[in-house]
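The values are calculated or read from the model by the stated rules, or taken from the named source; none is laboratory data. Values in this document were obtained by computation on a predicted structure and should not be read as measured data. Don't worry about glycine lacking a Cβ; one is built from the backbone with ideal geometry, like all the others, and counts go over all protein chains shown. SASA here: full protein model, heavy atoms, side chains in, ligands and nucleic acids out. Shrake-Rupley method; radii C 1.70, N 1.55, O 1.52, S 1.80 Å.
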Amino acid sequence: MLPSERFVFNFNSKEELNRWHLYSDSEYGGLSSASLEITGAESGHELSGLFSGNLSLDVAEGSTWRMNRSGFCGMRSKKFNGFIDLDSYDTIAMRLRGDGRCYISTIYTENWINSPGQQDDNSWQAFVFVPKDQWHIAKIPLDRYLPTWKGNVISTKLEMNPSRILAMSLSVNAEGGIPGAKSGPGDFRLEIDWIKALRT
C-alpha cells in the first residue's frame with residue numbers, strides 16, 4: 001500500500017536550488033526579474049525557498065522581440081530523471097507564505113496531446129491564491145488543472161496523465177489571476193516550504 005502523501009519537492013537545503021531554473025519576460029525583451037534562494041539559516045528559523053523579484057510591464061528600449069504581454073516570472077523544475085508517477089494521488093499540496101498575489105501552478109506531462117513531431121511538453125495549469133504574510137497549505141485537485149498552450153486554456157476536454165509527469169513550475173503574472181488577489185507591476189515574494197502529492 002502506497003503512503004497517502006509523497007514529497008515531490010522539499011525546500012530544506014541549498015541543494016534543492018539545483019533542481020530549478022528561473023525564467024521571465026527578460027528573455028524576450030521585458031524588464032521583469034526573479035531570484036530563488038534558501039532562507040532561514042541565518043535567523044535559526046526553519047529553511048524554506050524564497051521566490052521573489054519584480055514584475056514590470058515595460059520592454060527594453062530597442063528590443064526586437066514582439067511580445068504579446070510582459071510582466072511575468074517563473075521557476076521551473078529541471079526535468080525529472082525519466083518521469084514521476086503520481087497516478088496513485090489526486091491532489092497537489094504546497095505549503096506557502098506569500099504576498100496576496102495569485103500564482104500559477106503548472107504540471108508538465110509527456111507530449112501526447114499535440115502532434116508526435118511537437119517537442120513541447122503538455123502543460124496543465126491552476127491558480128494558487130496565497131494569503132499575505134501567513135503560512136498556508138494550498139491543495140489543488142489534479143482534475144482542477146486545465147490544459148494550456150502558451151498560457152491559454154485549450155477548450156477541448158482532455159485528461160492529464162499523472163503517471164508521466166516531467167516537471168513542475170510556479171509562476172506569477174502582473175495581470176490576471178483571481179478576483180481580490182493583488183495584481184499589477186511591482187515586487188512579488190513567495191516562500192515555499194514543500195510541494196507534495198496527496199491521496200485524499
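Take residue 163 and decide whether it is open to solvent by less than 70 Å² (accessible area, probe 1.4 Å) and outside any strand (DSSP E or B). Spell out how you get there, then give the answer.
On the way: open to solvent by less than 70 Å² (accessible area, probe 1.4 Å): yes; outside any strand (DSSP E or B): yes.
The answer is yes for residue 163.
Within the range 128-146, count every residue that is of a type in the set (Val, Ile, Thr), part of a strand (DSSP E or B) and under 14 Å from the mean Cα position of the chain (by Cα).
Going through the range 128-146, the residues of a type in the set (Val, Ile, Thr) turn out to be 128, 130, 137, 140.
Next, only the ones that are part of a strand (DSSP E or B) stay: 128, 137, 140.
Pick out the ones that are also under 14 Å from the mean Cα position of the chain (by Cα) and you get 128, 140.
Summing the residues that are of a type in the set (Val, Ile, Thr), part of a strand (DSSP E or B) and under 14 Å from the mean Cα position of the chain (by Cα) in the range 128-146 gives 2.
Check whether at least one residue in the range 86-103 is touching a Gly at 6+ places or on another chain (Cβ under 8 Å) and either surrounded by fewer than 16 Cβ atoms within 10 Å (Cβ to Cβ) or at pLDDT 80 or above (or both), and report yes or no. Give the steps one after another, and end with the answer.
Here is the first cut: in the range 86-103, the ones touching a Gly at 6+ places or on another chain (Cβ under 8 Å) are 101-102.
Add one more test, that the residue is either surrounded by fewer than 16 Cβ atoms within 10 Å (Cβ to Cβ) or at pLDDT 80 or above (or both), and what stays is 101-102.
Yes; the residues of the range 86-103 include at least one that is touching a Gly at 6+ places or on another chain (Cβ under 8 Å) and either surrounded by fewer than 16 Cβ atoms within 10 Å (Cβ to Cβ) or at pLDDT 80 or above (or both).
Identify, please: which residue in the range 147-191 is small (Gly, Ala, Ser) and under 13 Å from the mean Cα position of the chain (by Cα) and is, among those, farthest from residue 123 (Cα to Cα)?
Result: 171.
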Legend entry - Failed item, numbered, when residue 51 is tested on (1) of a type outside the set (A, V, I, L, M); (2) more than 30 Å from residue 200 (Cα to Cα); (3) modelled with pLDDT of 90 or more; (4) surrounded by 16 or more Cβ atoms within 10 Å (Cβ to Cβ): (2)
Inset, instruction - Restrict the check to the range 176-197 and report whether at least one residue is open to solvent by less than 10 Å² (accessible area, probe 1.4 Å), of a type in the set (Ser, Thr, Tyr) and touching a strand residue (DSSP E or B) at 6+ places or on another chain (Cβ under 9 Å). - result: no
Inset, instruction - Within the range 166-184, track down each residue that is closer than 16 Å to residue 51 by Cβ and in a strand (DSSP E or B). - result: 167, 168, 169, 170, 171, 172, 173, 182
Legend entry - Among (1) at pLDDT below 95; (2) assigned to a strand (DSSP E or B) - the single one residue 187 does not satisfy: (1)
